[in-house]
Structure formats: C-alpha cells, structure tokens
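Okay, structure first, notes after.
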Ligand code: SF4
C-alpha cells in the first residue's frame with residue numbers, strides 16, 4: 001500500500017469514526033498506520049480498561065481475539081467490533097477451558113492463575129486473572145505456596161523465580177511463538193555490537209534469554225522504562241510494533257530490535273479491514289452472558305487483590 005493511499009484511508013477512518021461516535025483502541029503490536037489513527041494505544045488490559053471509560057457507541061478493537069473478548073467482558077453494554085476475525089492468538093488457543101476445568105477438578109485447593117492472554121471460556125474456569133505486568137503481585141498475594149498458571153510456561157517460570165512459590169505451568173509447554181523466537185545468541189551478538197546499550201525483554205521470552213537481559217517487563221513497563229529512565233540506547237526484545245511506537249513517541253532515544261519479531265496474527269488487521277468493519281459495523285464480538293459473568297469474576301479478583 002502506498003503512503004498516499006494509507007493517508008487517504010486514515011482520513012476516511014477518522015471521518016467515519018467521528019460520524020459514528022466510535023473510538024479506536026489499538027494494541028502496541030498493531031501496524032504503525034493503525035496506531036496513528038487510534039484514540040488510545042496500550043497493552044491488552046490498559047485497552048480493556050480504557051474501553052470502560054469511553055461514552056462512544058462503538059469500540060473498534062485492534063488487537064487479537066482474546067483482547068477483544070476481554071473488552072467485551074468488561075463492557076457488556078457496548079458494541080465491540082474487530083477489523084479481522086482471523087486475528088486469533090495461537091497461545092490463547094493452547095489453553096482450552098476443558099484443561100483448566102480438569103486441573104481444577106483434580107486439584108481443588110490449588111489456585112489457578114490465568115494469564116489475560118487466554119479465551120473468555122478458559123478465564124471462566126480459573127480463579128484469578130493476571131497480566132505480564134502484575135503476575136508477580138497476583139501470585140505473591142494468593143494464600144498458597146503452589147499455584148497453576150497458564151497458558152505461558154515462560155511467564156510461569158518468571159513468576160516462580162520472582163515469588164519463590166511453586167508455579168506450575170498449564171499446559172507444561174505453552175508458549176508465544178513471537179517471543180520464543182528470541183535466542184541467547186541474539187542477546188550475545190547485540191551485547192558485542194552495542195556495549196553501551198541496555199537490553200530489555202518480555203517475560204514471555206525463554207528463561208535463558210530472560211537471564212541474560214538487563215530488565216524484564218511487560219510492554220507497558222518497557223515503554224515506561226524507555227520514557228522515564230536515563231538510558232539513551234535500548235535494545236528491545238518484544239514484537240516490532242512496540243519498537244515502532246517507541247521510535248515514534250520518543251524520537252530523541254535509540255531503539256533497536258533484539259531481533260525483528262513479528263506477530264503475524266496482529267498484522268492481519270489493516271487499514272482496509274478497519275475501514276470495512278467500521279463502515280458496516282461487522283465482526284461484532286459477542287459472548288454468552290454466563291461465560292462473560294464468570295470470566296469477569298476472575299478479572300475482578302485480580303483487581304481486588306492488587
Ligand atoms: S504476540 Fe504472542 S501472545 Fe501476543 S497475540 Fe501474538 S502470538 Fe499471541
């Protein structure tokens with residue numbers, strides 16, 4: 001798509017969203033052209049929370065399926081639409097509701113912590129939700145020395161190291177393919193090439209990569225560090241969309257991808273699909289109220305214990 005074409009599409013989207021009293025919420029991993037027309041950019045929970053604050057009639061949620069579901073759980077009275085129904089997170093699919101139910105039935109006294117990167121149906125079976133930003137606090141505050149956590153096994157490892165509790169991953173090898181792509185060799189190579197830079201990575205990266213990094217944090221924590229620290233040169237180990245945002249919003253600093261990792265599913269949302277969904281109000285996200293109600297409890301418990 002040419003730049004001129006993008007600009008025209010962006011103008012059309014902005015006009016339409018004003019006419020329809022709609023807001024566009026975009027995840028940090030969305031393409032830059034979508035981030036540029038968004039009313040708010042953030043991580044999945046920031047976006048879902050932002051959705052509760054708006055009085056818009058329509059929320060266009062640019063992310064992947066579980067994020068739009070979370071927005072729908074927290075905003076049962078609003079119309080939530082997504083640009084592409086094919087933007088489905090492969091990691092969320094690794095934790096079906098039946099697996100959570102089965103683990104809970106066999107271990108009724110062990111709390112099940114569910115990462116926000118999961119389906120509503122799985123959240124409905126779990127005890128409490130968490131994000132990559134608050135997982136340590138959530139696990140620490142539970143009255144149990146052993147917890148289950150899914151679907152990301154690397155996040156479970158991270159929580160276990162930080163809390164000293166036993167954090168059992170469910171499934172045992174759940175992963176995000178985007179963050180799994182970062183290797184120790186990338187860290188070593190970048191250290192040699194840029195000895196003056198700091199290396200920050202996401203807790204969905206493999207333990208070996210986390211151990212070699214200078215800082216581990218969620219996308220919102222990485223962005224905060226990039227904005228508020230004195231570091232001038234930062235090597236970033238997460239999806240490329242966040243690095244593009246950092247470069248756009250903090251132009252005075254240097255951001256280098258640890259490796260160019262792309263989430264294909266996030267990139268299925270385009271300006272064209274956004275425009276079509278908004279124009280025809282298609283791809284509406286709807287959840288059975290009984291599922292939404294139970295999933296809401298897991299999210300509410302997370303908010304309550306923090
Ligand atoms: S980056 Fe990973 S967790 Fe996030 S949507 Fe893509 S596959 Fe799922």
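The values are calculated or read from the model by the stated rules, or taken from the named source; none is laboratory data. On a predicted model such as this, the values are computed, not experimentally measured, just so you know. Virtual Cβ from ideal backbone geometry, glycine too; neighbours counted across all protein chains shown.
Looking at residue 13, is it in a strand (DSSP E or B) and closer than 20 Å to residue 267 by Cα? Walk me through how you get there before you give the answer.
On the way: in a strand (DSSP E or B): no; closer than 20 Å to residue 267 by Cα: yes.
In short, no.
Within the range 224-234, one or more residues are closer than 21 Å to residue 306 by Cα and either touching a residue at least 60 places away in the same chain (Cβ under 8 Å) or assigned to a helix (DSSP H, G or I) (or both). Of the residues examined, residue 4 is not one that is at pLDDT 95 or above and either surrounded by fewer than 17 Cβ atoms within 10 Å (Cβ to Cβ) or under 18 Å from residue 81 (Cα atoms) (or both). When residues in the range 84-98 are screened for being away from the ligand (no atom under 13 Å from the Cβ) and surrounded by fewer than 17 Cβ atoms within 10 Å (Cβ to Cβ), 2 of them pass. Strands (runs of 3 or more DSSP E) fully within the range 122-213 that include at least 1 residues being surrounded by fewer than 17 Cβ atoms within 10 Å (Cβ to Cβ): 146-150, 166-169. Residue check: residue 278 meets all listed conditions (1) outside the structural domain of residue 59 (by TED's automatic domain parsing); (2) in contact with a strand residue (DSSP E or B) (Cβ under 9 Å, 6 or more places away or on another chain) but one, namely (1). Among the numbered conditions (1) part of a helix (DSSP H, G or I); (2) surrounded by 24 or more Cβ atoms within 10 Å (Cβ to Cβ); (3) touching a residue at least 60 places away in the same chain (Cβ under 8 Å), the only one that residue 67 does not meet is (3).
Scanning the range 42-64 for residues that are within 15 Å of the ligand (Cβ to nearest atom) and assigned to a strand (DSSP E or B) yields 42, 61, 62.
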